[in-house]
Amino acid sequence: MSKELAINEEIRDKEVRLLSETGEQLGIVSIKEAQAMANSKNLDLVQISPNANPSVCKLMDYGKYKYEQSRKEKEAKKNQKTITVKEVRLRPGIETNDLNTKANNAIKFLKKGDKVKVELRFRGRELGHKDIGKEVMLKFIDIVKEFGEPAKAPKFEGNNMVVIIDPKK
C-alpha cells in the first residue's frame, strides 16, 4: 500500500470526527471515547483523513481492510495490459523478399498486440536519395496496413526515417 493509515494508539489528535463501521457519522468525540467504542466492538480505530479539522476516524477491522486493499491492487495489476514496442530495421536498398520477411515479422508483432517501430537507416550516399527510402517505407506500411496503421507519417530523426505502427483493434 502506498500510504499507511494511523490506527488505535498512533492517533495523536485530542478530538476526532467518528464514523461507524457502516459509514454513518457518530459526531465529534474525544480520542479516548472513540478508542473505548472501538474496543467495545472489537474493532480498530483508523484515521482515514488526517488533514481534516478535526481528523476523520472510522471504526473498522484494519486487518480485513488491508487484505481487501491488497486484493484490489492485485486484481488491478492482473487486468493491466503492458504495451511493448518491437523494432524492425530497414535499409533503402532492401530487396523485395527481404522486405516481405521483415513485414511478416512486423505482422506477427501486430497480431500479438505490440506496437512496431520501423526504422529505415540511411548511410553515406544513401542520404542523397531520401526519396528511395520514403518509397521503401510506404511499401512496408502498405504491406502491414491490414494489421496496423501508422500513428503519424514517417519522419526523419538524424540519419533515420522512423514510423510507429499501432495494431488495429
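The values are calculated or read from the model by the stated rules, or taken from the named source; none is laboratory data. Everything quoted here is computed from the prediction, not taken from an experiment. Heads up, the Cβs are rebuilt from the backbone with ideal geometry, glycines too, and the neighbour counts pull from every protein chain shown.
The table below gives the values:
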{"item": "Enumeration of residues in region 74-128 that are under 17 Å from residue 141 (Cβ atoms), of a type in the set (A, V, I, L, M) and either part of a helix (DSSP H, G or I) or without any contact (Cβ under 8 Å) to a residue 60 or more places away in the chain (or both)", "result": "88, 90, 94, 99, 103, 106, 107, 110, 116, 118, 120"}
{"item": "Residues of region 149-169 that turn out to be at negative phi and without any contact (Cβ under 8 Å) to a residue 40 or more places away in the chain, as a count", "result": "11"}
{"item": "Of residues in region 62-73 being over 30 Å from residue 167 (Cβ atoms) and free of Cβ contacts under 8 Å to residues at least 40 places away in the same chain, the one surrounded by the most Cβ atoms within 10 Å (Cβ to Cβ)", "result": "65"}
{"item": "Criterion: part of a loop (DSSP other than H, G, I, E, B) and of a type outside the set (Val, Ile, Thr) - qualifying residue of 9, 4, 33", "result": "4"}
{"item": "Flag for residue 106 being within 27 Å of the chain's Cα centre (by Cα) and modelled with pLDDT under 90", "result": "no"}
{"item": "Residue match in region 120-131 (condition: at pLDDT 90 or above, under 19 Å from residue 166 (Cα atoms) and in the same structural domain as residue 150 (by TED's automatic domain parsing))", "result": "yes"}
{"item": "Hits in region 4-53 (condition: of a type in the set (Ser, Thr, Tyr) and over 22 Å from residue 67 (Cα atoms))", "result": "30, 40"}
{"item": "Test: residue in region 20-39 that is in contact with a Pro (Cβ under 6 Å, 6 or more places away or on another chain), among the acidic types (Asp, Glu) and more than 30 Å from residue 113 (Cα to Cα)", "result": "no"}
{"item": "Residue match in region 83-101 (condition: modelled with pLDDT under 90, farther than 25 Å from residue 152 by Cβ and surrounded by fewer than 11 Cβ atoms within 10 Å (Cβ to Cβ))", "result": "no"}
{"item": "Unique match (being of a type in the set (Lys, Arg) and at pLDDT below 90) among 72, 77", "result": "77"}
